[in-house]
1. Could you tell me the calculated FRET efficiency between residue 30 and residue 9, based on Cβ-Cβ distance and R0 = 22 angstrom, to the nearest 0.05?
2. Note down the nm distance, to one decimal, between modelled labels 7 Å out along Cα→Cβ at residue 78 and at residue 59.
3. Going by how many other Cβ atoms sit within 10 Å of their own, how do 40, 47, 15 line up, fewest first?
4. Let me have the 222 nm mean residue ellipticity of the chain computed from DSSP H runs of 4+ only, each contributing -39500 (n - 2.57), with the sum over all residues rounded to the nearest 500.
5. Springs between alpha-carbon atoms under 10 Å, Gaussian network over the chain: tell me which of 31, 56, 78 tops the mean-square fluctuations.
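None of the figures in this text is laboratory data; all of them are computed from the coordinates on show. Since this is a predicted model, take the numbers as computed values, not measurements. Here the Cβ positions follow ideal geometry from the backbone for every residue, glycine too, while neighbour counts run over all protein chains shown.
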């Protein structure tokens with residue numbers, strides 16, 4: 001049974017799957033490790049589980065090589081498709097200095 005926090009908020013996708021499908025992570029296991037080690041923030045909150053739900057409109061902040069990336073989820077991908085299809089699923093936001 002779903003808890004009250006997840007009911008009525010529209011479709012969702014696990015954060016590890018989103019990062020992999022959107023080609024923001026090389027592998028799903030890499031995305032899982034980032035999430036479980038607490039390196040990802042979802043809407044400003046640190047997460048520590050790979051199954052955290054991501055929905056359209058959410059903000060994801062995560063380390064990527066030597067910088068921090070912030071992306072807004074525009075759509076939930078159905079598969080790990082080609083790069084142009086994956087890039088249409090998120091909007092890259094710039095971090096102010």
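1. 0.25
2. So the label points at residue 78 and residue 59 sit 3.1 nm apart.
3. Starting with the residue having the fewest Cβ neighbours, the order is 47, 40, 15.
4. -5500 deg cm²/dmol
5. Taking springs between Cα atoms under 10 Å, the residue moving most is 78.
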